[in-house]
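In what follows, a structure is listed as structure tokens, so that the remarks can point back to it.
Nothing in this text is a laboratory measurement; each read-out follows from the coordinates by a stated rule. The structure presented is a predicted model; accordingly, all values stated were derived computationally and were not measured. Counting neighbours? That spans all protein chains shown, and the Cβs are built from the backbone with ideal geometry, glycine included.
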Amino acid sequence: MIQYGNTVPAIFVRRLNRFSAEVLIDGNTQKVHVKNTGRLRELLVPQAKVTLQKAGNPDRKTAYDLISVYKPGLEWVNIDSLAPNELMKQELMSLDYDVVRPEYTYGNSRFDFYMERRGEKYLTEVKGCTLAADLKEGTGSFPDAPTLRGVKHLEELAAAAKEGYHCRIAFVIQMNGIHKVLPNNDTQPEFGQALDRAVRAGVQAAFYECHVEADSIRITGSSC
């Protein structure tokens, strides 16, 4: 679980660029850091309620990080791009692996986690999902913007699986009520095609459901 401290509520005004936005805190305009470089167009809309975390470094140009957004139907959505890896690290450390090593280089890619168990080798690449596709069906969509890096990771995972690694792409769903992630073929059909090839090569696609509040996120279950 991730519990954020030093949080304050705000109202979203507009996004300035990939890294920053304007919000209203008690009616005053403030420039804040956006902890996610994705498009987030369906979330970061004018007048949306957001949660900020006060930065620990007083010398930063922006005093706050934008960590969550309220969206009707989903309630709170966590947009902290660092959260999925931290949650996955907690999850893996709770299991019976002999080794859990972050930032592992294989081929021309650096994967989020390498694990070992009784001589068997494992690779896990983590992707955070913040885009809902069908609330009734409980499905999300990935990616929300083209990702050449994501396609490359799938290709390398497929190669590693053929060499005997146990490989997995883990979608950490940073929304309530969403339990499965489908490829966003409208945005990037190449990702869906690469995912299909990877699964056929033996890569497991895993989905981690989460419960999200304004100032917290935790994994509640998983499926494949």
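Couple of notes before you dig in:
- Projected label points at Asp186 and Ala206, each 7 Å from Cα along the beta carbon direction, are separated by 3.0 nanometres.
- The distance between label points at Gln193 and Lys31 comes to 4.1 nm (points 7 Å beyond Cα on the Cα→Cβ vector).
- Hz values of 3J(HN,Hα) by residue in region 35-43 - Karplus curve (6.51, -1.76, 1.60), Gly and Pro given as x: 7, 6, 8, x, 5, 6, 5, 7, 10
- In plain terms, the residue of Ile67, Ile173 with the fewest other Cβ atoms within 10 Å comes first and the most crowded comes last, giving Ile67, Ile173.
- Contour minus Cα-Cα distance for Arg39 and Arg101 (0.36 nm per residue): 19.3 nm
- J(HN,Hα) series, region 49-55, from Karplus relation 6.51 cos²θ - 1.76 cosθ + 1.60, nearest Hz, glycine and proline x: 6, 9, 10, 10, 10, 5, 6
- Among the trypsin sites (Lys or Arg not before Pro) in region 32-64, those placed in a DSSP loop whose Cβ has at most 13 other Cβ atoms within 10 Å are Arg41, Arg60, Lys61.
- Note on the chain: with a GNM built from Cα contacts shorter than 10 Å, the maximum mean-square fluctuation among Val151, Val34, Val99 falls on Val99.
- Projected area, mean over directions - region 80-224, Cα convex hull, nm²: 8.4 nm²
- Calculated on the alpha-carbon coordinates, the convex hull of region 20-106 measures out at 163 cubic angstrom per residue.
- Per-residue ³J(HN,Hα) for region 79-89, Karplus 6.51 cos²θ - 1.76 cosθ + 1.60, θ = phi - 60°, Hz, x for Gly and Pro: 10, 6, 5, 8, 5, x, 5, 5, 5, 5, 4
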